[in-house]
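Notes to accompany the following structure.
The values are calculated or read from the model by the stated rules, or taken from the named source; none is laboratory data. In this text, all values refer to a predicted model and were calculated from it rather than measured experimentally. Cβ coordinates were reconstructed from backbone atoms using ideal geometry, including for glycine residues, and neighbour counts include every protein chain displayed. Just the protein is used for accessible areas: all its heavy atoms, side chains included, with ligands, DNA and RNA removed. Shrake-Rupley method; radii C 1.70, N 1.55, O 1.52, S 1.80 Å.
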Amino acid sequence: MKLIQTVKRRMGTEEKKSTPAAGGGRDAPAAKGKVASSAGGVKATGMKPTADGSFPNLPKLRETAPGERAELFRRKMEACSAVFDFHNDSNQREKEAKRQTLLEIVEYVNNTRNCFNEALMQDVVNMVGANIFRALQTRNKDPLVFSDPEEEEPSLERAWPHLQIVYEFFLRFVVSNDVDPKIAKRFVDQNFMLKLLELFDSEDPRERDYLKTILHRIYGKFMALRSFIRRAIQHVFFKVIYECETQNGVGELLEILGSIINGFALPLKDEHKDFLTKALIPLHKVKSLACFYQQLSYCMAQYIEKDPRLAYNIIMAMLMYWPVSITSKQVLFLNGLEETLEITQPSEFKRTQHMVFRRLALCITCPHFQVAERTLFFWNNDYIVKLINQNRWDLFPIVISALYKNSKQHWNSAVHGLTFNVLKLLMEADPQLFDECSAKHRAEEESEERNEAQRHQKWQLLQEMHEAKAARSEEQRRPPGARSADSADRCDVARLLDRLAAAARPLSGLGSDERPDSRRPCPARRHDSNGWISPLANVSVNVREDQGAISVAASVTAAWQLPRAPAAMYGGFAPLPSEFEDPWAPGSS
């Protein structure tokens, strides 16, 4: 705003300097009058461009005979169709002359009846189009640089001294009672409207404000263009949603739509419902939502007031597009959700309550204090509290767990205070249900702690097994000559244990009467030229080292004899000989 005010003051200073220069020539008229228009009272000169680009003298409209004013008015509009480049300081005299001419014709249409006849409508549209339809200024933005659209200063249009008066003139044309829309629609056609909508992307807020007023007036007056204007606005939103995500005039277009939706007849047509679901609701996922959030919320509210059943579609769509990482956008969604719930009927609220309060429970426990604080403010809304109490058997269990978790773990003191206030409100609403939900929450917490302890033990066991396996692999990767006698014995013991475990697997199907007495020791010898070893089942082995010697103690619950097989099949251990005496047999030594 400060920048806009500075530009206005600068424009006023330039007007004072340039007016004497424009009116001090030998062809300047002696009579001077004050122009009564919204563009400001500036003295007029009334000139027309020639082949060399200058503005020779033309009579003033007030000083011309009434019968000749229409032709002079047309010639002045033709003169104002000339466009000047405001990016340099050339043609200052001609620029000021055109500006004064524009002011004069605005004054003329304000004070003259029947000035817009059918013969002049084409000249009016041509002059307006020649001035306003242009390539818009664009700023090259680095996509990697973060920028807040609300904090950036607007880029003002340099040709605004002329554009402002042209827009004012066209607005007078649109609202004039002399303009018959049935005739004017031949000139203000669909092609003209498409070009007008493209201008909403201008970065100058003053131009967008004029465009908003003009488009709204055209929609109200030209009945034949209403359907086309709605479709054209819908296509603009499609471009924002699915292509560029940035358009400077979305807020102004939504303001116009808010007024249009308010005038929809009941029951709503399918066309209007499709506009809501396809064009308006998806605008919630646009990154620049903060620029037009208020206008979009107003349109949502207008639709719900027209048809309360649409609240379900709007709420579910908001939950689907709910932001995850942008906390400022989460706050905007919470604001919109509260405004929507305020005008939602109890029947529609019941359809969405589970999904809504699961999302609110997540927001309550959000580490960002603004999100948690804004969610807890829902309990300051009397209508929402009433809806919650009416459905407390379904909603209290969802909310109480999040509140208890917040009271113990959240870091912000303000959030702590709001959390305890909400807990107090819930307890006062239904003490018995509150106690039941609290007890259920404590039981769930205890169960969760047990599950977490078991999970931690399992991971610790897996870690120990991994370390043991890594150590054994490290020993096996060493060269045979580098291993000591102890390490060789350790590897032999490891291989022995592997063979014992492998031999024990077939015994899982033995009955209790087939298993030998596990209290008897099992002789186990390392294989040599005459040695053997008994395959064992369910072996528990303890390895001890005493003064460099390794001893193995095993407790066995079952044993059996393998059939004869080559010693290589057992990795260096021979099978039991057929004459082996079972050490567990009664009377054996």
| request: Tell me which residues, restricted to region 395-422, are open to solvent by 20 Å² or more (accessible area, probe 1.4 Å), among the hydrophobic types (A, V, I, L, M, F, W, C) and in a helix (DSSP H, G or I). | output: I398, A414, L418, F420
| field | When residues of region 112-134 are limited to those that are within 25 Å of A65 (Cα to Cα), hydrophobic (A, V, I, L, M, F, W, C) and not in a helix (DSSP H, G or I), the one modelled with the highest pLDDT | value | F116
| request: Considering each residue of region 248-290, count those that are hydroxyl-bearing (S, T, Y) and either open to solvent by 30 Å² or more (accessible area, probe 1.4 Å) or touching a strand residue (DSSP E or B) at 6+ places or on another chain (Cβ under 9 Å) (or both), and give that number. | output: 2
| said: Can you tell me which residue is farthest from the chain's Cα centre (by Cα) among those in region 291-317 that are farther than 20 Å from Q330 by Cβ and open to solvent by less than 20 Å² (accessible area, probe 1.4 Å)? | reply: D307
| query | So which residues in region 385-397 are among the aliphatic types (A, V, I, L, M) and closer than 12 Å to L426 by Cα? | reply | V385, I388, L395
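Yes/no per residue for (1) touching a helix residue (DSSP H, G or I) at 6+ places or on another chain (Cβ under 6 Å); (2) touching a residue at least 40 places away in the same chain (Cβ under 8 Å); (3) crowded, with 21+ Cβ neighbours inside 10 Å:
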position	(1), (2), (3)
T213	no, yes, no
R217	yes, yes, no
R231	no, no, no
Q234	yes, yes, no
F237	yes, yes, yes
| request: Among what's in region 255-273 and is assigned to a helix (DSSP H, G or I) and of a type outside the set (A, V, I, L, M, F, W, C), pick the residue that is farthest from D307 (Cα to Cα). | output: E255
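Yes or no: L433 modelled with pLDDT of 90 or more, open to solvent by 50 Å² or more (accessible area, probe 1.4 Å) and of a type in the set (A, V, I, L, M)? Spell out how you get there, then give the answer.
Working: modelled with pLDDT of 90 or more: yes; open to solvent by 50 Å² or more (accessible area, probe 1.4 Å): no; of a type in the set (A, V, I, L, M): yes.
For L433, the condition - modelled with pLDDT of 90 or more, open to solvent by 50 Å² or more (accessible area, probe 1.4 Å) and of a type in the set (A, V, I, L, M) - is not met.
Within the group P367, P397, which residue is over 25 Å from the mean Cα position of the chain (by Cα) and touching a residue at least 24 places away in the same chain (Cβ under 8 Å)? Give the derivation first.
On the way: P367 fails: over 25 Å from the mean Cα position of the chain (by Cα).
Of P367, P397, the one residue that is over 25 Å from the mean Cα position of the chain (by Cα) and touching a residue at least 24 places away in the same chain (Cβ under 8 Å) is P397.
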| Of all the helices (runs of 4 or more DSSP H) wholly in region 318-388, which have at least 1 residues that are farther than 22 Å from M300 by Cα and open to solvent by 70 Å² or more (accessible area, probe 1.4 Å)? | 346-364, 369-376
| field | Residue check for Q190: surrounded by fewer than 20 Cβ atoms within 10 Å (Cβ to Cβ) and of a type outside the set (K, R) | value | yes
